[in-house]
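What follows is a short report on a single structure.
Derivation of every value follows stated rules applied to the coordinates shown; laboratory data play no part. No experiment lies behind these values; they were computed from the predicted model shown. Virtual Cβ from ideal backbone geometry, glycine too; neighbours counted across all protein chains shown.
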Amino acid sequence: MKRSRLRQRRPGLGPTALPGDPIERLLRPLRGLARGSEELYEKTIAQFSREGMRFEIPRFTLLGPPGGGDPLRIGVFAAIHGDEPEGAMALVDFVRQLAADPEPARGYHIQAYPVCNPSGFVDGTRHSRAGLDLNREFWRGSREPEVSALEGELRSRRFHGIVSLHSDDTADGVYAFARGATITEGLVRPVLAAASRHLPLADGPIIDGFEADRGVLRDCYQGILTNPDELHPAPFEIIFETPQRAPRDLQVAATTAALFSVLDEYRGFMATGDNI
Ligand SMILES: [Zn+2]
């Protein structure tokens, strides 16, 4: 949807105010489920205005059934690049499936942030309406409202692990950046294997300009959405990418499979005490 048209049609109105809003349309199934549920609820973590339009960053919390110990806290972030709706759709699907059958979330508290860059999402642009790639702004004293709200979540929630969802229009398959805790690499292989039942694994020694080993990358850009350095032990961090030129339903299926695999694999790591 183009910005000029939006501006003309709904000056001064918040994105949740009109039925044609893409964020409202995306989130409607979750909002329906959250109503009347004690295990799934929504909170707005940021509200801000850009050029007369009001935007919000929603967070959905899903409380899995008790697992015996302290809950494992997982954060999943999508659409920090506004023109990558595939991750947002997959995250909505993931939470919706868990709300219907919470067993795979046993022992977990999941915080889902399906639209981290709402103005870019509405405009269909990578950058926010302030003209910034928000995924280069983290932990650098940014005053962008999206970045400070998400930094606040990352600091206060003290996640055991986070997953960021992206789609890459130059990739020929699924791949992932593995960062943070040393267990991340052990986690990421089966996660990619689960995703590759839907889409091929990205091949080649260089992906997105970085050295890759069978679809796993270790180096990445500065300023990305990541945990603060002060967390010890370091949480696991997976940045999961789908090939954006592939059919959208396959990207959604691959991403959803990856997220279910994260829950499965990380529980396994915690149970065997491999969490070093
Ligand atoms: Zn991206």
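Points to keep in mind about this one:
- Hits in region 186-211 (condition: in contact with a Phe, Trp or Tyr (Cβ under 8 Å, 6 or more places away or on another chain), outside any helix (DSSP H, G or I) and buried (at least 20 other Cβ atoms within 10 Å of the Cβ)): ALA202, ILE207
- Against the list (1) surrounded by fewer than 24 Cβ atoms within 10 Å (Cβ to Cβ); (2) within 16 Å of the ligand (Cβ to nearest atom); (3) in a strand (DSSP E or B), the condition PHE77 fails is (1).
- Within region 157-185, considering residues that are part of a loop (DSSP other than H, G, I, E, B) and among the small types (Gly, Ala, Ser), the one nearest to the ligand (Cβ to nearest atom): ALA171
- Among residues of region 245-268, those that are over 16 Å from LEU192 (Cβ atoms) and crowded, with 20+ Cβ neighbours inside 10 Å, counted: 1
- Within region 85-107, being outside any helix (DSSP H, G or I) and buried (at least 24 other Cβ atoms within 10 Å of the Cβ) holds for no residue.
- Top-ranked residue of region 217-246 - restricted to ones that are outside any loop (DSSP other than H, G, I, E, B) and farther than 19 Å from TYR266 by Cβ, ranked as nearest to the ligand (Cβ to nearest atom): GLU241
- Residue check, ASP70 over 15 Å from LEU259 (Cβ atoms), part of a loop (DSSP other than H, G, I, E, B) and more than 16 Å from the ligand (Cβ to nearest atom): yes
- Cβ-Cβ under 8 Å pairs, at least 6 apart or on other chains, region 80-104 side acidic (Asp, Glu), far side part of a helix (DSSP H, G or I) and more than 14 Å from the ligand (Cβ to nearest atom): GLU86/ARG248; GLU86/VAL252; ASP93/VAL252; ASP93/THR256
- Region 108-122 - residue that is part of a loop (DSSP other than H, G, I, E, B) and within 12 Å of the ligand (Cβ to nearest atom) and, of those, farthest from LEU259 (Cα to Cα): ASN117
- Looking across THR125, THR44, one residue alone is of a type outside the set (A, V, I, L, M, F, W, C), within 16 Å of the ligand (Cβ to nearest atom) and more than 21 Å from THR226 (Cβ to Cβ). It is THR125.
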